[in-house]
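The values are calculated or read from the model by the stated rules, or taken from the named source; none is laboratory data. None of these values were measured; they are calculated from a predicted model. In this analysis, Cβ positions are derived from the backbone assuming ideal geometry, glycine residues included, and neighbour counts consider all displayed protein chains. Ligands, DNA and RNA are excluded from the accessible area calculation, which covers all protein heavy atoms including side chains. Shrake-Rupley method; radii C 1.70, N 1.55, O 1.52, S 1.80 Å.
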Amino acid sequence: MMLDQGTLQQAKLVLLGDMGAGKSSLVLRFVKGQFFDYQESTIGAAFLTKTMPEQNVKFEIWDTAGQERYHSLAPMYYRGAAAAVVVYDITNAESFTKAKTWAKELQRQGNPNMIMALAGNKADLADTRAVTTEEAQAYADENGLFFWETSAKANLNVSEVFTDIAKKLPRAQAAQPQATGGITLTQEPPQRPKKAGCC
Amino acid sequence: MLRLSDGHSPSAAGPTSTVVDEYGFEISCTPEQLAVRQQCADKAHQLVGKWGKLGGPKELPKPDKLKKYCRKGVPPQFRGWVWLQTSGAAARKAGQMANYYEAMVHMGEATSDWEHQIELDLPRTFPANQWISSEEGQTALRRVLLAFSVHKPQVGYCQGMNYIGAMLLLVMDRGEEDAFWVLVSLIDDGGILYRDMYANNLAGTHVELRSLDELVTSKLPKLHAHLQALNCDISIIATDWFLCIFCTTLPSETAARVWDALFSEGPKIIFRVALALLKMHEEALLAQDNPGYVLRELRTVVSQMHDRDRLMKVAFDGIGSMPMAKIDNFRERKQEVVDVEMRRRESRQALQAAIKESHSEGNEFTALGMSGFAEKIRSSYKARLGGSGAATPEQNGSPAKQRA
């Protein structure tokens, strides 16, 4: 059976987080079921799609570069996104601090209805954990984020993150495929100014 | 069967075979692509005689011929030596004390704030390349990047430099010191690339991207209008072209060919090649209805650009005139805009940090009253904006050595 693309809900999703937290690995696990011990560091951004037929959702995923100085490029990717996954490395406390910064920035400057998830990646390395589950869970609860500790390597809770998001996407618009094959499900006008700023 | 992908397929069809290219990268080629690679290699081989006459080469062609020779491509066996000369690396090296590189390596190993980030990226740099992923390759790349991070503390380490450093090592017969000096020639003050490409929140890269956008407007107006209608900012498709100078996107042999011309003629080559890639695939890009698909299509066709002769022909003969003065003019205007945006961004961050700091100091608000509290935030904010010359991992990435 082929799914008719026209009835699929398309949702733009962006991954943000510190360098080496495992953003690309999470996406690769989710989209292709693959994992590499050494995933090439992302420069600029990567784009992948994944359809979840059970949820009738097609995710259009933007995977971004993590180094702090690349931050100035990020708004290009999160503007108009329906969802975001903020990733940190559970063995690296600084990456959790950085994740909170991202969540704040998205709350302030992202689409107001953006669905957010916090992913504490590298859960397979719990022996060297630097961020407790309780602390991250409390932060996620306070800020209305889904939360999972994930492992792209061990394939732990990866699809759960995306399933949570898919289920929460606004259903009302699912029956109205966008004529342009549009990129978002937000209320934003389709035409934004030509030049978006870098910060 | 449920269809899980959107049916996109790479533009090349037919059976493919996997070969290892000149620089140790596995590439998958159709019979047509293999034939085209062979043609280009044959042509390069014909040029060996010309360069060889120069003594191996021990000297460069005369200045009036150099540009032409480099545009046709430097034979791989001479590339390391030629790049060292044309990039200005040899002159920079000669201008320093003899053991400067070793001194920088030692200093970097002992004191670099960037060790953690460099370590994080080393195994993630061309992991499929056998030599780069070997212990020897990792050690060489580590030393080059650490040395650079202390040689140029205003830049430190920026993602993207790992790929450039690796590519230089691969092309320059794994010679660390030569690779270091060419990296310096690209990025240092007065270097080949535009200033602050890797520093100061990539301000220079933003400037270059916007200058490219202007050139796309004038050279490829139809494509520009299409990208604009899709809200597809040029940064989405070209950021890695600038930060990695095509070495992560083009096949390595083609990228090396671009660098032949880049070192001899300067950064306008990056613009020419970018415009050539867009022009050659304009039709395919016009058919895409979403920025993501534009990026994916472009990445696919660019990764299959094995016909380096054709790419360079379009870059030099198919784009029309493009004087450097015009690019400099764009740069000047875009720099002003980017400076304003960067300052705004910095102030916002400094203000947020100042407010956060004041909050964490408990009930001071009650003690100081409104105006006292505001004054405290103001002075903390001013102090933060003061800044220092060297980039630090705290400003520019995760803290150093946290796993040490």
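Counted residue by residue at 0.36 nm each, then reduced by the alpha carbon distance between them, the extension gain from B:V20 to B:K53 reaches 8.9 nm.
3J(HN,Hα) couplings calculated from phi for the stretch B:256-266 with the Karplus curve 6.51 cos²θ - 1.76 cosθ + 1.60 (θ = phi - 60°) are, in sequence order, 4, 5, 5, 5, 3, 6, 4, 5, 7, 10, x Hz; Gly and Pro show x. Lysine pairs in the stretch B:198-326 whose alpha-carbon atoms fall under 18 angstrom of each other, counting only those eight or more residues apart or on distinct chains, come to 9. Between the exposed loop cleavage positions of chain B, defined as GluC sites (Glu not before Pro) in a non-H, G, I, E, B DSSP state with at most 15 neighbouring beta-carbon atoms within 10 angstrom, the longest gap is B:60-360. Axis angle, to the nearest 10 degrees, between helix B:63-72 and the longest C-alpha principal axis of chain B: 80 degrees. The chymotrypsin sites (Phe, Trp or Tyr not before Pro) of the stretch A:38-91 meeting both criteria, a DSSP state outside H, G, I, E and B (loop) and at most 15 other C-beta atoms within 10 angstrom of the site's C-beta, are A:Y38. Where only DSSP H runs of four or more residues are counted, chain B gives -21000 deg cm²/dmol as its mean residue ellipticity at 222 nm, each run worth -39500 (n - 2.57). If R0 equals 56 Å, the separation of the Cβ atoms of B:A91 and A:L156 corresponds to a calculated FRET efficiency of about 0.55. Dividing the Cα radius of gyration of the protein assembly as shown by 2.2 N^0.38 Å, with N the residue count, gives 0.98. Computed with every protein chain present, the accessible area of B:L215 is close to 0 Å² [probe 1.4 Å]. In the full protein context, the stretch B:155-257 carries 21 Å² of accessible surface per residue, based on a 1.4 Å probe and ignoring ligands, DNA and RNA. Distance between the pseudo-spin-label points of B:E136 and B:S28 (7 Å out from Cα toward the beta carbon): 2.9 nm.
Quick one: angle between helix B:291-303 and the longest Cα principal axis of chain B, in degrees between 0 and 90, rounded to 10, please. Long axis of B:291-303 versus the principal axis of chain B: about 40 degrees. Listed by chain and number, the lysines whose alpha-carbon sits under 25 Å from that of A:K104, ignoring those within fewer than 8 places in the same chain, are A:K12, A:K23, A:K122, A:K167, A:K168, A:K195, B:K356, B:K376, B:K382.
When the other protein chains are added to the chain by itself, burial of at least 40 square angstrom of heavy-atom accessible area (probe 1.4 Å, ligands and nucleic acids ignored) affects these residues of the stretch A:40-58: A:E40, A:S41, A:I43, A:F47, A:T49, A:T51, A:P53. A simple charge model with +1 on the Cβ of Lys and Arg, -1 on the Cβ of Asp and Glu and nothing else charged puts the dipole of the protein assembly as shown at about 1760 debye relative to its Cα centre. For the stretch A:59-73, accessible area lost to neighbouring protein chains reaches 10 Å² or more, against the chain alone with a 1.4 Å probe, at A:E60, A:W62, A:Q67, A:E68, A:R69, A:Y70, A:H71, A:S72, A:L73.
Taking the DSSP beta bridges with both ends in the stretch A:1-145, the antiparallel portion is around 30 percent. Straight-line reach from B:K67: taking Cα to Cα under 20 Å and skipping same-chain neighbours fewer than 8 places apart, the aspartates and glutamates in range are B:E59, B:E253, B:D260, B:E265, B:D309, B:D317.
Ligands, DNA and RNA left out, the accessible area of the protein assembly as shown computed with a 1.4 Å probe is 52% carbon and sulfur.
Binning the C-alpha pair distances of the stretch B:88-191 at 5 Å intervals from 0 yields a P(r) profile of 2, 14, 27, 27, 19, 8, 2, 0 %, listed from the shortest bin outward. Chains A and B together bury roughly 5100 Å² of accessible area, counting both sides, with a 1.4 Å probe on protein heavy atoms only.
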